[in-house]
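The values are calculated or read from the model by the stated rules, or taken from the named source; none is laboratory data. None of these values were measured; they are calculated from a predicted model. Cβ coordinates were reconstructed from backbone atoms using ideal geometry, including for glycine residues, and neighbour counts include every protein chain displayed.
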Amino acid sequence: MTAPHEAPWVDGLTIGQVLAETSRKFPTREALVFAQSNRRMNYAQFATEVRDVAKGLLALGIKPGEHVGIWATNLPEWTLLQFGAASIGAVLVTINPAYRQFELSYTLEQSDVVALFLTDEFKSSNYYAIFEQACPEIAQAHDGKLSCASYTRLRCAVAIKPNAPRGYLTGAP
């Protein structure tokens, strides 16, 4: 137990540094469990996937301080993107999965998101259709690269799940 006057061991460390240290100390302990999709990762595996996500974000041109949006339900990719974005100093903007076009548009206008990661659907919401209403330019996009008149900072749309409509960059974060 830490004495009241001692700082916790994570004090002053970034999320990336804390993950690296935790995966070094406890590589075989479970870090991520998604029973619904039967997906499990220990800390060594999780840290490796987070590094891959961080590299992918950098390859998309995302810089420290830029905002990355995620519009999805509770998925393993959500957690990987959260840690990957933090590892490169990007800000994760979480978008409520219940949002409709108006609310999504407002969020994209206000949040300065440069890349949006989105899932396919949940319940009665088709995220691709809603995003197409908010940003019709996605239909002409190539590999997720956008020039969206309404959201001047948004330059990339990434589908988390395969089989996305034309225009999206596909692949999990």
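Confirm whether Arg40 is out of contact with any strand residue (DSSP E or B) (no Cβ under 7 Å at 6 or more places or on another chain) and modelled with pLDDT of 95 or more.
no
Residues of the range 146-173 that are in contact with a Lys or Arg (Cβ under 9 Å, 6 or more places away or on another chain), surrounded by fewer than 21 Cβ atoms within 10 Å (Cβ to Cβ) and either aromatic (Phe, Trp, Tyr) or over 20 Å from Asp52 (Cα atoms) (or both): Ser147, Cys148, Arg155.
Scanning the range 7-28 turns up one or more residues that are of a type in the set (Gly, Ala, Ser), touching a Phe, Trp or Tyr at 6+ places or on another chain (Cβ under 9 Å), assigned to a helix (DSSP H, G or I) and touching a residue at least 12 places away in the same chain (Cβ under 8 Å).
Counting only residues that are over 19 Å from Lys63 (Cβ atoms) and in contact (Cβ under 8 Å) with a residue 24 or more places away in the chain, the range 149-163 holds 5 of them.
Evaluated against (1) assigned to a loop (DSSP other than H, G, I, E, B); (2) surrounded by 15 or more Cβ atoms within 10 Å (Cβ to Cβ), Met41 falls short on exactly one condition, (1). Here Ser124 does not fit the description of being out of contact with any Lys or Arg (no Cβ under 8 Å at 6 or more places or on another chain), in contact (Cβ under 8 Å) with a residue 12 or more places away in the chain and small (Gly, Ala, Ser).
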